[in-house]
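Note sheet for the following structure.
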Amino acid sequence: MLQHQEARKSHEEKIAKLIDDVAVLGKRISAETRLAAESAEKAAALAFDAAGGNRKALSEQAKHLAEKNEHVLQAQNLEQIAAPVREQLAAAEADLPRFKLSEAIESVLEQTPELAALSKKISEMIPPVAHAFGEFRKRTLAIVASSRPLLAGRADVQQLETAIQRSFSEGIRAQLHRDFGAEGYVLFGSLQGGSFEDVVRPKLENLLHALEVKLATHSAATSPGRAFFVAKTNVGGLLGMNVKVGETLSLPVDDPDVRRMVASGALEQVVEEKKGGAAA
């Protein structure tokens with residue numbers, strides 16, 4: 001129950017009644033004043049005849065003057081009643097802002113339980129997200145640990161691992177920046193949208209590429225969609241790897257980066273398929 005809202009409404013009803021009372025009294029005072037003026041005019045109109053000895057005119061003049069005096073007196077009586085009512089109205093109107101302020105404060109306070117419920121909901125939503133992140137991180141690092149000995153020959157394995165671990169915090173920051181920014185709350189002003197998946201997935205794909213390259217390079221079986229390439233120069237960041245000059249690897253032939261390196265002369269496709277023993 002909004003008590004201050006009801007008090008404000010009651011006070012406004014009181015003001016409305018006082019306004020009506022003042023208006024009614026004002027009309028009555030105006031009517032009495034008008035009648036007094038009319039009686040005075042009638043008496044003035046008879047003054048010449050009365051002064052000439054017309055007793056009837058004198059009698060009528062006296063009657064109109066008496067009526068005028070009665071209307072003036074009644075107007076004065078009504079003014080005595082109206083004056084305190086006007087004062088009450090002025091005081092009530094001056095007091096109205098206090099009622100409105102109390103109502104506004106009460107309205108704000110009424111919303112605090114909703115805020116408490118929302119804050120509790122947010123607190124309850126975060127632990128499952130943190131748990132899911134922890135589980136994802138644990139499994140990812142397990143894969144990284146398992147991949148480390150398999151890629152032991154690659155000089156950039158530490159770089160891959162570091163990039164993956166760094167992507168966890170970067171991904172969370174990107175996701176929070178995007179989602180909170182959509183609600184008008186900027187957490188990290190320097191980030192450019194994206195999501196956790198957008199940041200982390202490319203790093204994991206680089207690890208996957210490295211494993212696929214290792215597998216295809218050292219496998220006796222033909223890998224569909226792949227071919228052997230020899231590096232004619234040092235190539236950095238190719239599928240997340242740093243390839244040394246003279247290194248021969250099995251790479252996807254349709255990959256845009258591979259095609260670009262071939263076009264620039266940094267990679268050269270080996271015409272005769274390699275059967276194994278490649279440098280890693």
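Just to confirm a number: summing +1 for Lys and Arg and -1 for Asp and Glu over residues other than Met261 whose beta-carbon lies under 14 angstrom from that of Met261, what do you get? It would help to have the intermediate numbers written out before the result.
Working: positive: Lys232, Lys244, Arg259, Arg260; negative: Glu247, Asp254, Asp255, Asp257, Glu268.
Net charge around Met261: -1.
Partners of Lys68 within straight-line reach, counting aspartates and glutamates whose Cα lies under 20 Å from its Cα and excluding those fewer than 8 residues away in the same chain: Glu32, Glu38, Glu41, Asp49, Glu60, Glu79.
Remark on Leu238: its backbone amide H falls under 5 Å from those of Val243, a criterion applied only to residues 5 or more positions apart or on other chains, H modelled at 1.01 Å from N. Coordinate range of the alpha-carbon atoms in segment 71-115 per principal axis, descending: 65, 11, 8 Å. Taking the helices alone, the chain has a mean residue ellipticity at 222 nm of -25500 deg cm²/dmol, built from -39,500 (n - 2.57) per DSSP H run of at least 4 residues and averaged over all its residues.
Kindly put Val199, Val230, Val24 in sequence by how many other C-beta atoms sit within 10 Å of each C-beta, fewest to most.
Details: Val199 20, Val230 17, Val24 13.
In increasing order of surrounding Cβ atoms, one gets Val24, Val230, Val199.
Return the subset of Lys14/Lys42; Lys14/Lys63; Lys203/Lys244; Lys14/Lys120 for which the Cα-Cα distance in this structure is over 32 Å, preserving the input order. Could the numbers behind the result be given before it?
Values: Lys14/Lys42 42 Å; Lys14/Lys63 42 Å; Lys203/Lys244 20 Å; Lys14/Lys120 43 Å.
Going by Cα-Cα distance, Lys14/Lys42; Lys14/Lys63; Lys14/Lys120 fall outside the 32 Å limit.
Derived scalar couplings between HN and Hα for segment 242-258 equal 9, 9, 8, 4, x, 6, 10, 9, 8, 10, x, 5, 8, 5, x, 5, 5 Hz in order, rounded to whole Hz, by the Karplus curve 6.51 cos²θ - 1.76 cosθ + 1.60 (θ = phi - 60°), x for Gly and Pro. Its Cα gyration tensor gives the chain an equivalent ellipsoid. The semi-axes, each the square root of 5 times an eigenvalue, are 104, 23, 11 Å from largest down.
Can you compute the FRET efficiency between Glu268 and Ile122 using 1/(1 + (r/R0)^6), with r the Cβ-Cβ distance and R0 = 45 Å? Round to the nearest 0.05. All intermediate terms of the calculation are to be shown ahead of the outcome.
Numbers: r = 57 Å, r/R0 = 1.26.
Taking R0 as 45 Å, the efficiency between Glu268 and Ile122 is 0.20.
When Rg and Dmax are taken over the Cα atoms of segment 3-110, they come to 23.7, 83 Å.
We did not get these values from a lab; they are worked out from the coordinates using the rules stated. Just so you know, these numbers come straight off a predicted model, no measurement behind them. Ideal geometry is used to build each Cβ from the backbone, glycine not excepted, and the neighbour counts take in all protein chains shown.
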